[in-house]
Amino acid sequence: MRTAQDAVPGAAVLCAHRVGAVVAIWQGWELTVIVRYRGVYVTIVKEPHGVADRHDGESVMSITDDKRPRPGRSAAHELERYGALFAARTGRMRSSVMRDLMAITERPEVISLAGGLPDTSMFEPELFRSLMGQIADDSAAQALQYGPTEGLQAVKESIVELMAAEDMIVASDELIVTSGGQQAIDLVCKALLDPGDIVIAEAPTYPGAIPTFCSYEAKLVQIEMDADGMQIDVLEQKLAELEAAGRRPKFIYTIPTFHNPAGVTMSLPRRRRLVDLARERELLVLEDNPYSMLRYEGEGLPTLRSLETPRGSRDGGDFVVYTGTMSKILSPGIRVGWVVAPRPVLAKLNLGKQSADLCSSSLTQHFVAAYFATGDWREYIDVMCECYRQRRDAILDALAEHLPAEASWTHPQGGLFVWVTLPDYIDTTDLLARALQENVAFVPGEAAYDDGRGHSSMRLNFSSSTEQQIREGVRRIGKIVADQVALYGTLTGARPARAPRVAPAAEPSMAEVLSLPRRSARDRRRSRDA
Ligand SMILES: Cc1ncc(COP(=O)(O)O)c(C=O)c1O
């Protein structure tokens, strides 16, 4: 491919020393090309002069166009120049597929089931205006000023109140405010990881955490999940294997409640076992909990943090580092999250934050403080839960109606995502290219693994589209999947199952998982035949 205009799906693109393949092209007022190589997605937007360059962190991608003169600079020269310029760790950096897809999904004609976006249109503009007006009247100078690295005291007290609502008793000096939960993950990595250190996470895991682990050059070990979340017996086995090899993970990263992307929730016995294991082996667990307040059915479960430090206990937690965020219960645009950690760890996180950004935005922290002072945060969460519950039901209905019987999916009791598993002869990255041509987007499962697994799975979000859009988006995806299943049948003689499967009703006690991508299509066929 010489120029961006030459891009066709499947065309090879030179990404520095690697060759990638074009997976999607978008011709709007500008040309957007999505390229994938080694599981990494890169978006290239054609510039008006016809040349697209982009630093994707790992290398420089160049689609050269003869019309733009680059006197004295051959591609080989530039490769060498940048190769010498970048730090070695940038070789491990990778881009987040959600970020890369944003260039496309923000177009109004695209139904995006890809992002993890809450529906911020539910927040009353009038309330927004009055809170900002109040800040302007009462504290404009402070809101425009730097603040303490650990966060404004009023915000920390709001966080203490939020956590208490989930039975977690913390003091305001046990936490620091971060620029979103994402920064909390980054700071924990920055404080704990040397290159080559092991991090354990679920398989699949939050696609936005993988680039962070990679950029600190960690080795990610992913532990299988089922309907009850991470399989702790598999974890124990893995820990024993590592120990035998003289290795020990730096921390275990988990999203126990309404997992992103799997949509499942870790059962109470597994939570208890994980906390015990952390104590027994003196291992840190990073509990990432953005979604637990978005519950649409079933009983709440204690967080790992609350199991480690039950109400009345005098000790601060020793082994659970906890991170939360305002992103899903108020706004991701304000970039306010937090992290609670044992004091020695907290001190290092604070140092890491000082060098990252000095402090989180004072303006948005004032907004959070003013919002919590209204005392209405619970009502707003109720409003969101009611809306998302209906959207969750809409997506489950639509999946049952439009996906062929070969597909399976989770039944989340809360959170924002459904994880869909397709027959393993379908590659969801290729499927995405076709889906984008039909103006619908999702996150391919590979983004949730560091080792190429997940290729026949996808994450669907149901919080940021209307019920009508969800139904239409799933209908379009279902049509493409059905075509591929039929084509496979034609090529191999395998008989496609007759009708779309109706998802089973939710278990009362936990999320229902039909399957996660460990089982091969052959295994599934075998168990269906049995
Ligand atoms: C599991 C998980 N952790 C962390 C984040 C980061 O959220 P934020 O930085 O907006 O707080 C997200 C966002 O989707 C998430 O799903």
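The values are calculated or read from the model by the stated rules, or taken from the named source; none is laboratory data. Given the structure is predicted, the values throughout are model-derived calculations rather than measurements. All Cβ positions, even for glycine, are placed from backbone atoms using ideal geometry, and neighbour counts span all protein chains on display.
Overview of values
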| read-out | value |
| --- | --- |
| Some residue of the range 232-244 being of a type outside the set (A, V, I, L, M, F, W, C) and at positive phi | no |
| Those helices (runs of 4 or more DSSP H) lying entirely in the range 316-434 with at least 2 residues free of Cβ contacts under 8 Å to residues at least 24 places away in the same chain and over 23 Å from E467 (Cα atoms) | 343-357 |
| Among (1) at pLDDT 95 or above; (2) closer than 30 Å to L242 by Cα; (3) not hydroxyl-bearing (S, T, Y), the one test that D173 misses | (2) |
| Some residue of the range 391-409 being within 30 Å of F251 (Cα to Cα) and away from the ligand (no atom under 16 Å from the Cβ) | yes |
| The listed residue being among the aromatic types (F, W, Y), in the same structural domain as R392 (by TED's automatic domain parsing) and closer than 21 Å to G116 by Cα, out of Y488, Y425, Y449 | Y449 |
| Filter result (in contact with a Phe, Trp or Tyr (Cβ under 8 Å, 6 or more places away or on another chain) and within 16 Å of the ligand (Cβ to nearest atom)) within the range 289-298 | N289, Y291, S292, L294, R295 |
| Number of the condition not met by P211 [criteria: (1) under 25 Å from E282 (Cα atoms); (2) at pLDDT below 95] | (1) |
| From L301, L286, residue being within 23 Å of E236 (Cβ to Cβ) and within 13 Å of the ligand (Cβ to nearest atom) | L286 |
| Qualifying residue in the range 326-333 (condition: in contact with a strand residue (DSSP E or B) (Cβ under 8 Å, 6 or more places away or on another chain) and of a type in the set (V, I, T)) | no |
| Hits in the range 170-220 - residues which are polar (S, T, N, Q), in a helix (DSSP H, G or I) and either more than 13 Å from the ligand (Cβ to nearest atom) or closer than 30 Å to D233 by Cβ (or both) | S172, T212, S215 |
| Test result for I223, assigned by TED's automatic domain parsing to the domain that holds T323, touching a Lys or Arg at 6+ places or on another chain (Cβ under 9 Å) and either not in a loop (DSSP other than H, G, I, E, B) or not hydroxyl-bearing (S, T, Y) (or both) | yes |
| From the options P249, P256, P261, residue that is assigned by TED's automatic domain parsing to the domain that holds G324, at pLDDT 95 or above and closer than 18 Å to G454 by Cβ | P261 |
| Filter result (part of a helix (DSSP H, G or I) and either on the phi > 0 side of the Ramachandran plot or among the basic types (K, R) (or both)) within the range 116-159 | R129, K156 |
| Qualifying residue in the range 312-322 (condition: of a type in the set (D, E, K, R), surrounded by 24 or more Cβ atoms within 10 Å (Cβ to Cβ) and either more than 16 Å from the ligand (Cβ to nearest atom) or within 21 Å of I169 (Cα to Cα) (or both)) | no |
| Any hit, the range 420-428, residues being away from the ligand (no atom under 14 Å from the Cβ), under 20 Å from Y291 (Cα atoms) and at pLDDT 95 or above | yes |
| Among the residues listed as S355, S362, the single one being among the small types (G, A, S), more than 16 Å from the ligand (Cβ to nearest atom) and within 24 Å of L117 (Cα to Cα) | S362 |
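Rundown of residues vs (1) under 30 Å from D427 (Cβ atoms); (2) of a type in the set (S, T, N, Q), yes/no style:
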{"position": "S292", "(1), (2)": "no, yes"}
{"position": "R305", "(1), (2)": "no, no"}
{"position": "I334", "(1), (2)": "no, no"}
{"position": "P344", "(1), (2)": "no, no"}
{"position": "A347", "(1), (2)": "no, no"}
{"position": "K353", "(1), (2)": "no, no"}
{"position": "S361", "(1), (2)": "no, yes"}
{"position": "D397", "(1), (2)": "yes, no"}
{"position": "E401", "(1), (2)": "yes, no"}
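Residues checked against (1) without any contact (Cβ under 8 Å) to a residue 40 or more places away in the chain; (2) farther than 16 Å from A278 by Cα; (3) surrounded by 24 or more Cβ atoms within 10 Å (Cβ to Cβ):
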position: P211; (1), (2), (3): no, yes, no
position: Q222; (1), (2), (3): no, yes, no
position: V234; (1), (2), (3): yes, no, no
position: Q237; (1), (2), (3): yes, no, no
position: G246; (1), (2), (3): yes, yes, no
position: K250; (1), (2), (3): no, no, no
